[in-house]
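Participant: Got a structure here, written out as structure tokens. Questions coming.
The values are calculated or read from the model by the stated rules, or taken from the named source; none is laboratory data. Since this is a predicted model, take the numbers as computed values, not measurements. Positions of Cβ are backbone-derived with ideal geometry, glycine not excepted, and every protein chain shown enters the neighbour counts.
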Amino acid sequence: MKVRFLAVPLLVAGSALAAQAPATPPPPSFGEAVEVNVVNIEVFVTDRDGKRVTGLRKEDFQVLEDGKAVEVTNFAAVAKPVPAGSGPAAPAAPSQAAAPPPAAAPEATAEDWLNLVVLVDDLHLRPENRKRALEQIRQFLSRNVRPLDRVMLATYDLGLKVRQPFTGDPAALDAALQGIEKLLSTGIQRDQDRRSALRTMYSIHELDPCSYDMVTPIESYAQQTRDQVLRTVGALKFLVNSLAGIPGRKAVLYISDGLPVTPGEELFQVVYELCGGGAASSGFVAPSAKAAPGGGGGSGYPASQALLDAQKYSIASRFADLTAHANANRVTFYTLQASGLRGFASAEADIDPGERALQLMTVQQVQTTNLQNSLSVMAADTGGKAILNANDFLPDLGRMREDFSVYYSLGYTPAHAGDGRQHRVEVKVRKAGLRVRHRGSYRDKPVAERTVDRTLAALFHGIEDNPLDVAMEIGDPVRSEDGAWSVPVHLRIPLFRLTIVNQQGAYQGKLRLLVVTGDDQGGTSAPKQVAVPIQIPSKQVLNAMGQYYLYNLTLKMPAGSQRVAVAVRDELAAATSYLTGKVQVGALKPSTR
């Protein structure tokens, strides 16, 4: 989708819009606002028994950025009531003298909202595991959604699909979860692909034991699985992008049987066992194996080579990139392994050799660790928690709820401002025996990037904010000779809302416009932006303050249902309005705002 600005700015003077001007417009503003960049970190503190610790004060904490201590300027000890029956035992009080009673809580703002995304990964979920997990998720949400909470439900199966946009309505969430329960879950296909690769490997091994050819189906499986996991990681990054500009706390509860950090590693472990690497300890030898001395047979594929070849498919760095990206956008991952707690199966002599190989303890250990490591990294590196080795998820979900209710917020102003770099963060508690958990890094985003994030949030989730009182109208689409459609968009900006400064005998302002469009299939245009200088002669400034600044732009869009998000930023006041609209391109009447 392409977006092209065909803009004609116009300063409205005279009486054309006089009736729409305020009766007594405020005087023009002078000076330029300075945007203060404060880094906020949510910190969770527990004692040795894992119980929450409340009552700590600012002086009990030390914050380090890139290894250097920084001054904590903003501090809040948040201890909201946790819904009854939703969590573990009550928080523990610290051993020190009781802290003074907290001041009355300020009025809730957008930064106090909880934005929780429940993402069900149908591509990596077995049907029976998903059923158990969703039943408990329904119980959890029915007890724990509070007035300021907003929950979104989404699924992934080679495509990210929003099943329920952000809402605080428990009934709507329950109905959407019931719909998700009826969808196809394809996680079992991963097991079938694994067994198919093993069967093919065994058929080659029977003809030419421990040859290099026998590894070919294992490599094909590993590459196929790697591609699927990379697409999943890409979808998670896209989800993080869509949440980046949303105000408030943002968390993703990711439900899956697990993503392998090293795809196919368990099958390479089978080859290692089969070709002599582990036979001495496991006792596993395929019925037709004729291993040559030294662990090789036939063409001589060494057992030790299997472990090295497995690492070629590792995507550990991609998970590190994902968590760094989540931290840059203040998104916390909570991961739930729906497969739960399972014991290692014992191999029976009369079953298929491939099944016996997958039941070897060493192979199962490799597979279990491989799937859990990704979930652990996603949660730990972003300050969340991984729910592993459990069949009853409610206690751990309750602890997640506690994270949203009981925490410390530490803020500081970094020496740099919008340098675009990743910075390590460490929080220490000056009190023995206490444990802290928090995200490990953040990226100091430039203002322009934060504006893009917020505009995308408006596009994806319809979250608007309009401090400048901008009005947007979408006109009728017009088809051009090349078959594309031109969609006019008209912006009307009250001049009295803008910061205007006197420079060299004229009054000047600075606007920046940013536009993104999207369709119902998730496609989006690249963000387009343009600087809009405003100049008003001194003699006209008082009259102009009661008028509007009009800006017209034209978007090139394909036919279909389209969405438009526009950001109008007053650069001098550091204030931005975000607006959204919809248009049916090719229909008779578009919808306008």
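Participant: Kindly provide the set of residues from region 450-485 that are on the phi > 0 side of the Ramachandran plot and either crowded, with 16+ Cβ neighbours inside 10 Å or modelled with pLDDT under 90 (or both), ordered by number.
Facilitator: Result: GLY462, GLY483.
Participant: So PRO209 clears everything in (1) surrounded by fewer than 17 Cβ atoms within 10 Å (Cβ to Cβ); (2) more than 28 Å from ARG132 (Cβ to Cβ) except one condition, right? Which one?
Facilitator: Only one criterion in (1) surrounded by fewer than 17 Cβ atoms within 10 Å (Cβ to Cβ); (2) more than 28 Å from ARG132 (Cβ to Cβ) is unmet by PRO209, namely (1).
Participant: It is to be established whether one or more residues within region 486-508 are surrounded by 20 or more Cβ atoms within 10 Å (Cβ to Cβ), within 29 Å of LYS161 (Cα to Cα) and outside the structural domain of PRO247 (by TED's automatic domain parsing).
Facilitator: So far as region 486-508 goes, yes, one or more of its residues are surrounded by 20 or more Cβ atoms within 10 Å (Cβ to Cβ), within 29 Å of LYS161 (Cα to Cα) and outside the structural domain of PRO247 (by TED's automatic domain parsing).
Participant: Additional query: Which one is nearest to ALA133 (Cα to Cα) among residues in region 395-425 that are among the acidic types (Asp, Glu) and surrounded by 16 or more Cβ atoms within 10 Å (Cβ to Cβ)?
Facilitator: Per the stated criteria, the residue is ASP396.
Participant: I'd like the residue in region 171-190 that is surrounded by fewer than 19 Cβ atoms within 10 Å (Cβ to Cβ) and touching a strand residue (DSSP E or B) at 6+ places or on another chain (Cβ under 9 Å) and, out of all such residues, is modelled with the lowest pLDDT.
Facilitator: LEU183
Participant: Moving to a separate point now. Filter region 460-483 down to the residues that are assigned to a strand (DSSP E or B) and closer than 30 Å to PHE238 by Cβ and list them by number.
Facilitator: ASP465, MET472, ILE474, listed by residue number.
Participant: Being under 32 Å from the mean Cα position of the chain (by Cα) and farther than 20 Å from LEU125 by Cα: is that true of ILE246 here?
Facilitator: yes
Yes/no matrix, rows are residues, columns are (1) closer than 17 Å to LEU114 by Cα; (2) without any contact (Cβ under 8 Å) to a residue 12 or more places away in the chain; (3) buried (at least 21 other Cβ atoms within 10 Å of the Cβ):
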position: ARG132; (1), (2), (3): no, no, no
position: GLN136; (1), (2), (3): no, no, no
position: ASN144; (1), (2), (3): yes, no, yes
position: LEU148; (1), (2), (3): yes, no, no
position: LEU153; (1), (2), (3): yes, no, yes
position: TYR156; (1), (2), (3): no, no, yes
position: GLY159; (1), (2), (3): no, no, no
position: ARG163; (1), (2), (3): no, no, no
position: PHE166; (1), (2), (3): yes, no, no
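Participant: What number of residues within region 179-214 satisfy the criterion of being of a type in the set (S, T, N, Q), without any contact (Cβ under 8 Å) to a residue 40 or more places away in the chain and under 24 Å from ALA338 (Cβ atoms)?
Facilitator: 3
Participant: With the condition being at pLDDT 95 or above, under 29 Å from VAL117 (Cα atoms) and among the hydroxyl-bearing types (Ser, Thr, Tyr), I'd like the helices (runs of 4 or more DSSP H) fully within region 319-434 carrying at least 1 qualifying residues.
Facilitator: Per the criteria, 361-380.
Participant: Could you please give the count of residues in region 509-528 that are modelled with pLDDT of 90 or more and surrounded by fewer than 17 Cβ atoms within 10 Å (Cβ to Cβ)?
Facilitator: Summing the residues that are modelled with pLDDT of 90 or more and surrounded by fewer than 17 Cβ atoms within 10 Å (Cβ to Cβ) in region 509-528 gives 1.
Participant: How many of the residues making up region 529-542 are surrounded by 16 or more Cβ atoms within 10 Å (Cβ to Cβ) and at pLDDT below 80?
Facilitator: 1
Participant: Related question: Please tell me if VAL70 is under 29 Å from ARG143 (Cα atoms) and either touching a Leu at 6+ places or on another chain (Cβ under 9 Å) or buried (at least 16 other Cβ atoms within 10 Å of the Cβ) (or both).
Facilitator: Numbers: under 29 Å from ARG143 (Cα atoms): no; either touching a Leu at 6+ places or on another chain (Cβ under 9 Å) or buried (at least 16 other Cβ atoms within 10 Å of the Cβ) (or both): yes.
So VAL70 does not fit the description; no.
Participant: Any residue in region 512-534 that is farther than 17 Å from LEU550 by Cβ sitting within a Cβ distance under 7 Å of a residue that is among the aromatic types (Phe, Trp, Tyr)? List the pairs, counting only those 6 or more apart or interchain.
Facilitator: Within 7 Å, the pairs are LYS528/PHE5.
Participant: Go through (1) touching a Leu at 6+ places or on another chain (Cβ under 7 Å); (2) within 25 Å of ASP482 (Cβ to Cβ) one by one and return the number of the condition ALA559 breaks.
Facilitator: For ALA559, the failing item is (1).
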